[in-house]
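Enquirer: Mind having a look at this structure? Questions to follow.
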Amino acid sequence: MNTLGYACQNTILSERPLTERIMMSRSCIRRTFDTKGLDYISQLTLLNAQDLIKILQWNEEHGIKFFRLSSDICPWASYFDMTDMRDYEQIHETLRRAGAYASAHSHRLTSHPGQFNVLPSPNPNVVERCIVDLTIHGTIFDWMGVSRTPYNKINIHLGGAYGDKQSAMERFCKNFERLPDSVQTRLTVENDDKASMYSVQDLYDGVYKRIGIPIVFDYHHHRFCPGDLSEREALELAMSTWPDDIVPVVHYSESRRDEQNNDKLKPQAHSDYVYDYIDTYGNTVDIMIEAKRKEQAVFRYKEIHHG
DNA sequence: ATAGGTCAAGCGAGG
DNA sequence: CCTCGCTTGACCTAT
């Protein structure tokens, strides 16, 4: 059986009453950041880091060993130096303990920085902010002491095509060289969910062949942007880009439109649960389930398919 | 405690 | 031009 994981948030723990709530994505809006300042961010970050350990413990108790970190552990981090937070020492130590717990119990931790990270952008400011944000992800993984390999991936989309994918991929590969080692060693790219964007084959030819970083295969996205490859071919081409000693990650989700039987919903929107059998064609992969009901979707999948 | 409006960032699709 | 959808909705104010 392939390992199943979920992303960022645990519905059971985050839907508890406020005082008992456990979540790692406490954030705030700009206005609050401006009025309450860095000390408030520091408090939120410490709570998020402490809750990360609780979530990992919960995962261990429930047989889940694959989890994606929220990118909101430290809100607004691109606007200051994380070491300037009042609770920095305690935050760093808490994250170190979270990473040690994950390592001790063989939990795989990954990340997926937001859609605003567009490394091939023609706008230098966008590229600058992207480098800053990715670096934060690399730094947090370093603090946690997890591997500088795609086992602990920092996964992104290219984010823009600008009507010329080839040029955009060249800029991506060029800007990749500007990333710190903490990011370069962990970075992966994912196929897109629009026909005009990047298929697995595009990423293989335009990114993997040039800079050698692995491709994360997303089953759902592939339906919208298959190129000339079947599902199996795309999966196996993506798998071939991973180092031999690291199990590749794939993403799996289903369409909310089908689940809710509502034509008004976009087909790309994610369902609450996933129902179909995930065919890996006999390959071993770690499967990140992207569904609104998070860990409950993992449990239900295992029930349906006797995983 | 909850309902409803609001909220940093990029991009492309659809209306 | 506007809204949605994406990586993970969560925050904030009024009631």
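The values are calculated or read from the model by the stated rules, or taken from the named source; none is laboratory data. Quick caveat: nothing in here was measured; it's all calculated off a predicted structure. Cβ coordinates were reconstructed from backbone atoms using ideal geometry, including for glycine residues, and neighbour counts include every protein chain displayed.
Enquirer: Which members of region A:144-167 meet the condition of being in contact with a strand residue (DSSP E or B) (Cβ under 7 Å, 6 or more places away or on another chain), closer than 30 Å to A:LEU56 by Cβ and either in a loop (DSSP other than H, G, I, E, B) or of a type in the set (Asp, Glu) (or both)?
Expert: Let us first name the residues in region A:144-167 that are in contact with a strand residue (DSSP E or B) (Cβ under 7 Å, 6 or more places away or on another chain), namely A:146, A:150-158.
Filter again for closer than 30 Å to A:LEU56 by Cβ, leaving A:146, A:150-157.
Answer for region A:144-167, where residues must be in contact with a strand residue (DSSP E or B) (Cβ under 7 Å, 6 or more places away or on another chain), closer than 30 Å to A:LEU56 by Cβ and either in a loop (DSSP other than H, G, I, E, B) or of a type in the set (Asp, Glu) (or both): A:VAL146, A:LYS153, A:HIS157.
Enquirer: Another question about this same structure. For region A:1-29, what are the residues that are within 14 Å of DNA strand B (Cβ to nearest atom), out of contact with any Cys (no Cβ under 7 Å at 6 or more places or on another chain) and in contact (Cβ under 8 Å) with a residue 12 or more places away in the chain?
Expert: Filtering region A:1-29 for residues within 14 Å of DNA strand B (Cβ to nearest atom) gives A:8, A:14-21, A:25-29.
Filter again for out of contact with any Cys (no Cβ under 7 Å at 6 or more places or on another chain), leaving A:8, A:14-21, A:26-29.
Across region A:1-29, the qualifying residues are A:CYS8, A:ARG26, A:SER27, A:CYS28.
Enquirer: Can you tell me which condition A:ALA297 does not meet? The list is (1) under 19 Å from A:ASP192 (Cβ atoms); (2) small (Gly, Ala, Ser); (3) touching a strand residue (DSSP E or B) at 6+ places or on another chain (Cβ under 6 Å), and all the others hold.
Expert: Only one criterion in (1) under 19 Å from A:ASP192 (Cβ atoms); (2) small (Gly, Ala, Ser); (3) touching a strand residue (DSSP E or B) at 6+ places or on another chain (Cβ under 6 Å) is unmet by A:ALA297, namely (1).
Enquirer: Let me ask another. Quick check on my filter: what residues within region A:67-111 are buried (at least 21 other Cβ atoms within 10 Å of the Cβ) and assigned to a helix (DSSP H, G or I)?
Expert: Answer for region A:67-111, where residues must be buried (at least 21 other Cβ atoms within 10 Å of the Cβ) and assigned to a helix (DSSP H, G or I): A:ALA77, A:ILE91, A:THR94, A:LEU95, A:ALA98, A:GLY99, A:ALA102.
Enquirer: Quick one: which of A:SER78, A:SER121, A:SER147 is closer than 21 Å to A:TYR208 by Cα, of a type in the set (S, T, N, Q) and at pLDDT below 95?
Expert: Residue meeting the stated conditions: A:SER121.
Enquirer: Could you list all residues from region A:40-70 that are within 16 Å of DNA strand B (Cβ to nearest atom) and under 18 Å from A:LEU13 (Cα atoms)? Talk me through it step by step, then tell me what you get.
Expert: Let us first name the residues in region A:40-70 that are within 16 Å of DNA strand B (Cβ to nearest atom), namely A:40-42, A:44-45, A:48, A:68-70.
The answer is A:LEU44, A:THR45, A:ASN48, A:ARG68, A:LEU69, A:SER70.
Enquirer: Looking only at region A:15-41, which residues are part of a helix (DSSP H, G or I) and either modelled with pLDDT of 95 or more or surrounded by 20 or more Cβ atoms within 10 Å (Cβ to Cβ) (or both)?
Expert: Step one: list which residues in region A:15-41 are part of a helix (DSSP H, G or I), which gives A:18-20, A:30-41.
A:ILE41 - this is the single residue of region A:15-41 that is part of a helix (DSSP H, G or I) and either modelled with pLDDT of 95 or more or surrounded by 20 or more Cβ atoms within 10 Å (Cβ to Cβ) (or both).
Enquirer: Here's something else I'd like to know. Can you tell me which residue is nearest to A:ILE154 (Cα to Cα) among those in region A:198-234 that are in contact with a Cys (Cβ under 6 Å, 6 or more places away or on another chain) and not small (Gly, Ala, Ser)?
Expert: A:ILE211
Enquirer: Another one. Please tell me if A:GLY212 is surrounded by fewer than 19 Cβ atoms within 10 Å (Cβ to Cβ), more than 14 Å from DNA strand C (Cβ to nearest atom) and over 22 Å from A:ALA291 (Cβ atoms). Full working, then the answer.
Expert: On the way: surrounded by fewer than 19 Cβ atoms within 10 Å (Cβ to Cβ): yes; more than 14 Å from DNA strand C (Cβ to nearest atom): yes; over 22 Å from A:ALA291 (Cβ atoms): yes.
Yes; evaluated as a whole, the condition is true for this residue.
Enquirer: Identify, from the list A:GLY114, A:GLY138, the residue that is assigned to a helix (DSSP H, G or I), closer than 20 Å to A:ALA7 by Cβ and within 16 Å of DNA strand B (Cβ to nearest atom).
Expert: Numbers: A:GLY114 fails: assigned to a helix (DSSP H, G or I).
Exactly one residue qualifies, and that residue is A:GLY138.
Enquirer: Follow-up question, since we're still on this one. What are the pairs with Cβ atoms under 7 angstrom where one residue, in region A:61-77, is among the acidic types (Asp, Glu) and the other, located anywhere, is assigned to a loop (DSSP other than H, G, I, E, B)? Sequence gap at least six, or different chains.
Expert: If the second residue must be assigned to a loop (DSSP other than H, G, I, E, B), the pairs left are A:ASP72/A:SER25; A:ASP72/A:SER27.
Enquirer: State which residue is nearest to DNA strand C (Cβ to nearest atom) when the search covers only region A:158-193 and only residues that are within 25 Å of A:GLU231 (Cβ to Cβ), free of Cβ contacts under 8 Å to residues at least 40 places away in the same chain and not small (Gly, Ala, Ser).
Expert: Top of the filtered list is A:ASP192.
Enquirer: Now a separate question. Of all residues being closer than 20 Å to A:TYR198 by Cα, away from DNA strand C (no atom under 12 Å from the Cβ) and of a type in the set (Val, Ile, Thr) in region A:126-157, which is surrounded by the fewest Cβ atoms within 10 Å (Cβ to Cβ)? Just the residue, please.
Expert: Checked region A:126-157; the qualifying residue surrounded by the fewest Cβ atoms within 10 Å (Cβ to Cβ) is A:VAL126.
Enquirer: So which of A:ASP81, A:ASP34 ends up being without any contact (Cβ under 8 Å) to a residue 12 or more places away in the chain, more than 9 Å from DNA strand C (Cβ to nearest atom), more than 18 Å from the chain's Cα centre (by Cα) and under 20 Å from A:GLY114 (Cα atoms)? Step through it out loud before you land on a result.
Expert: Working: A:ASP34 fails: under 20 Å from A:GLY114 (Cα atoms).
None of the other options fit; the residue is A:ASP81.
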